[in-house]
Amino acid sequence: MSLTDDSLTSLPLQFLIVGGGIGGFSAAYMLASAGHNVRLLERLPALGTPAAGMRVPPNMSKILKKWIGEEELMRHAVVNLETPWYDLHTGELFGSSQWRRDVMNETGGDFLLMAHEDIQRIVHRLAASAGARIDFGAQVTKVTPGSPRPSVTLASGEVITADIVIGADGPRSLVRKVVVGEEPEPQPEGVTVFGATVPAAWMETKPELAKLIKIQGWPLIVGTNRSLCTHPIRNHQEFSLMIHWPDDEAQTPKDMQESWYDVVPTNTLDYSSLAPIWQHMMKGVSCLWRTRSVLRPEAEFWVDESERIVIMGEAAHPAYPGCSHGASMAIEDAVVLGRLFSHLSSPTQIGSFLHAFEEIRQVRVEQVRVREASNAAFVRMPPGPDQDARNADLRLARTEWDDGALKTEFEGLAGLFGYDAYDAAEEWWVNWGRYNVATEKVAQRVTASMFSVASISSQQIRV
């Protein structure tokens, strides 16, 4: 059952979405809920992308809560209340940063920890229940612009047309090539990212690890040119690991790009520089899912010249693998796109709605991208004075907050976590979109009136 706003379009369109990740399914749900006809094409044969856990910040959790309700959401989630900081090489606990729930509540949502697969299944179920048609095993090989109807060609040879094609097909997007054109070759950033999970039973074999599987938090383990981002998922039954490692020590193929489908053995990495407790933790990992951090620019344009093809999610703004806001940005994209097109009443609005989507979202994702890049560098510094200063600061991490500290913390998080994608779309509609509709209706009435006058005059002349 949809918990979104009930407003429906008066002009249903046919949307074709390429890509069945979290962003694609979310867009399918939002657009189908707004009354549009939606078909989604996913190249994989079924759900089940290999992935570890992910952080669900308040700006994303409040959307999920709106969609499925708090009780259902919390069945899949662990609430994040703190971030203990550990040294990767010595095992030292530097300090702990608190994610005060009252501070998070002021942003409208909780900071949650979930399994990536659980979120994907939730949004897939929502899209299907809203009436979207979902085709697995549908490999898109070509995207052809067209006005008013673009098309895609499948590996089977089938050609499918639609009113609008949405590229939600990730950082190596085929649809993006049609929208953006030729781009420079992406450049490896020198970091390989591995995902993994550890069963709770293994974590409980050591007291230090047993404490971590039970924590309501997001332990960060920082080291020299590498780091572990960890947290419990699935009601503390699994412990998620996101491992950032230098390319030249990760046996990474030189031509490797982004892909979470490269499964490698745990002994691919040398853990001898890690503290004994982390070495023991890694013995509980059955395999690693490997991807690579590749520098790709955010697209300057998200809408093609025909104003019938648009990109979203990582197709438009590639995210750092394992970051905290990749999925949240894709879901925010879906909300804004869906809410704008819930107001559609005329084909002449399509172009303005797509460009409004681009304008609204580009500002937001750039602000988040800058913060994510800073966070990534912070946890895997090289040796030197900057790393020493970081470690000294972490030893001073707060465990208690006074009123002044709470105010400062909230002001720092308000813009990041307090963002409401529904409000962003409605603000544009109220301030700009509805007036364009009114202007168009006035123009239509004037035209109709002029035609009527001309018709009467013509009859008078014939008389």
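Overview of values
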{"read-out": "Criterion (more than 11 Å from the chain's Cα centre (by Cα) and either in a strand (DSSP E or B) or buried (at least 22 other Cβ atoms within 10 Å of the Cβ) (or both)) met by exactly one of Ser293, Ser328", "value": "Ser293"}
{"read-out": "Flag for Glu82 being surrounded by fewer than 22 Cβ atoms within 10 Å (Cβ to Cβ) and over 28 Å from Leu274 (Cβ atoms)", "value": "no"}
{"read-out": "Scope segment 358-415; condition at pLDDT 80 or above, in contact with a strand residue (DSSP E or B) (Cβ under 7 Å, 6 or more places away or on another chain) and among the β-branched types (Val, Ile, Thr); matching residues", "value": "Val379"}
{"read-out": "Out of Leu113, Leu88, Leu93, sole residue that is open to solvent by 30 Å² or more (accessible area, probe 1.4 Å) and over 29 Å from Arg39 (Cα atoms)", "value": "Leu93"}
{"read-out": "Residue in segment 98-107 that is surrounded by fewer than 19 Cβ atoms within 10 Å (Cβ to Cβ) and touching a strand residue (DSSP E or B) at 6+ places or on another chain (Cβ under 6 Å) present", "value": "yes"}
{"read-out": "Test set (1) within 25 Å of Met256 (Cβ to Cβ); (2) open to solvent by 80 Å² or more (accessible area, probe 1.4 Å) - Val180 fails condition number", "value": "(2)"}
{"read-out": "Residue within segment 46-53 that is in contact (Cβ under 8 Å) with a residue 40 or more places away in the chain and buried (at least 24 other Cβ atoms within 10 Å of the Cβ) present", "value": "yes"}
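The values are calculated or read from the model by the stated rules, or taken from the named source; none is laboratory data. All values derive from a computational prediction rather than experimental measurement. Note that each Cβ is placed from the backbone with ideal geometry, even for glycine, and that neighbours are counted across all protein chains shown. SASA here: full protein model, heavy atoms, side chains in, ligands and nucleic acids out. Shrake-Rupley method; radii C 1.70, N 1.55, O 1.52, S 1.80 Å.
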